[in-house]
Each structure stands twice: as C-alpha cells, then as structure tokens.
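Structure below; questions to follow.
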Amino acid sequence: MNNQIVIGKIVAPHGVRGDIRILPLTEKPEQFLELDYLLLADGRRLTLKHARFHKRMVLATVAEINSMNEAELLRGQEVLINAGDLPELEEGQFYVADLIGLPVYDEQGAQIGTFKDALTTGSNDVYVIAVPGAKDILLPALKIYVKEINLAEKRIVVTLPEWVDEA
C-alpha cells in the first residue's frame with residue numbers, strides 16, 4: 001500500500017465562515033469524525049476543529065480557513081489519510097490499494113493478468129484484471145470466482161466464469 005490513500009474530495013465551501021463540504025470516497029465515511037487533521041494532496045495539513053454529516057457530505061471546520069473565499073480555494077483538493085491510520089478490516093476484507101498490481105492466477109497456476117482496480121456496484125464489487133495484449137477482464141468479486149487473496153505471497157487466485165473470453 002502507498003503511504004497515503006484518498007478518502008475524500010473537497011467539493012465546495014459551506015456557509016460564509018469557511019466550512020468545507022467533502023465528498024467521502026471511502027466505505028467508512030465515519031472515519032472523518034475521528035480525524036484530528038485533514039491531509040491535502042498539495043501537501044497542506046489542516047487542523048480539523050469539527051466534522052459532521054449533512055446528507056451524504058461531510059461538513060468540516062478547519063482552523064486555517066476562516067472565510068468562504070478561502071474555502072473556495074480548496075475546491076477540488078483530495079483529502080488523504082496515512083495508510084497506517086486506516087481502520088482495521090475484518091478477516092477476508094482488503095483495501096483496493098493493497099491489491100493493485102498483484103498478479104492474478106487461475107487455479108492451475110497460470111498467470112491471467114494483474115489486479116487493476118475494483119468497481120463498486122449495487123450488489124457486489126467487480127474486480128478489473130489487466131491482461132497483457134487483451135481487453136481487461138471484469139470479474140465479480142464473489143467467492144465462487146475469487147478463490148484466494150494472499151497478500152503475504154502477493155497473489156490472487158481466481159476461477160474465470162465460462163462467459164469470460166480469455167483470447
């Protein structure tokens with residue numbers, strides 16, 4: 001995993017006092033309520049005074065921003081978290097950042113490609129497997145297809161559905 005992970009994006013100011021509206025880009029948006037500071041992609045560290053939810057957004061008050069104009073300058077900034085500060089996951093759960101770049105093998109041990117990304121859908125995630133010289137394979141992240149994810153050995157073992165064209 002890289003040292004920092006994107007967990008949100010500042011989308012707009014909120015009010016005239018410099019509060020900011022953050023779109024959470026994490027499955028655990030409640031972690032914003034526990035942060036002491038916000039790390040921005042441009043390297044700044046803002047002291048978080050208060051955070052709360054409003055609809056699907058996080059409304060944050062930071063010590064360094066005191067006006068709507070100052071908050072406007074933050075629009076579009078990504079909010080990061082140090083990888084070591086990420087919440088612990090339950091057994092069998094993984095951060096996508098840990099999986100990116102891992103080789104993906106079939107059950108016979110032949111490498112199919114490398115893990116590229118995970119897409120969030122309504123029912124289950126879909127893993128994107130990059131195949132050299134071919135189209136990416138979209139694989140439902142279900143136990144019937146994903147047989148093993150082994151971070152220690154840096155490998156993923158899958159069974160491809162019959163409808164996947166490996167050519």
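For an R0 of 41 angstrom, estimate the FRET efficiency from the Cβ-Cβ distance between residue 4 and residue 68 and round to the nearest 0.05.
The value I calculate is 0.90.
Right, something else. Charges at C-beta only: +1 for Lys and Arg, -1 for Asp and Glu. How large is the resulting dipole of the stretch 63-167 about its Cα centre, in Debye rounded to 20?
Dipole size: approximately 280 debye.
Right, another one. Kirkwood hydrodynamic radius for the chain: how many Å is it when counted over pairs of different Cα atoms?
So the Kirkwood estimate lands at 18.0 Å.
Right, something else. Can you give me the long-range amide H partners of residue 19? Hydrogens built in the peptide plane at 1.01 Å from N, cutoff under 5 Å, separation of 5 or more residues or another chain.
Residues meeting the criterion, in which the H sits 1.01 Å from N, are 14.
Can you list the HN-Hα couplings for the stretch 114-119, worked out from phi with the Karplus curve (6.51, -1.76, 1.60; θ = phi - 60°), rounded to whole Hz and with x for Gly and Pro?
10, 5, 10, 5, 10, 9
A follow-up question, please. In square nanometres, what is the average projected area of the Cα convex hull of the stretch 25-91?
Result: a mean projected hull area of 5.2 nm².
So what's the stretch 76-122 giving for Rg/Rh, alpha carbon basis, Kirkwood Rh from the mean inverse pair distance?
1.07
Right, next: Distance cut-off 31 Å, Cα to Cα: go down the list 49/143; 9/116; 55/135 and report the pairs above it.
The pairs that break the limit, which is 31 Å between Cα atoms, are 49/143; 55/135.
Then there's this: Using R₀ = 45 Å, calculate the FRET efficiency as 1/(1 + (r/R₀)^6) where r is the Cβ-Cβ separation of residue 159 and residue 42; round to 0.05.
E(calc), rounded to 0.05, equals 0.55.
Every read-out reported here was derived from the displayed coordinates using simple, explicitly stated rules and does not represent laboratory data. Predicted, not measured: the structure shown is a model, and the values here were computed from it. Cβ atoms come from the backbone with ideal geometry, glycine included; neighbour counts cover every protein chain shown.
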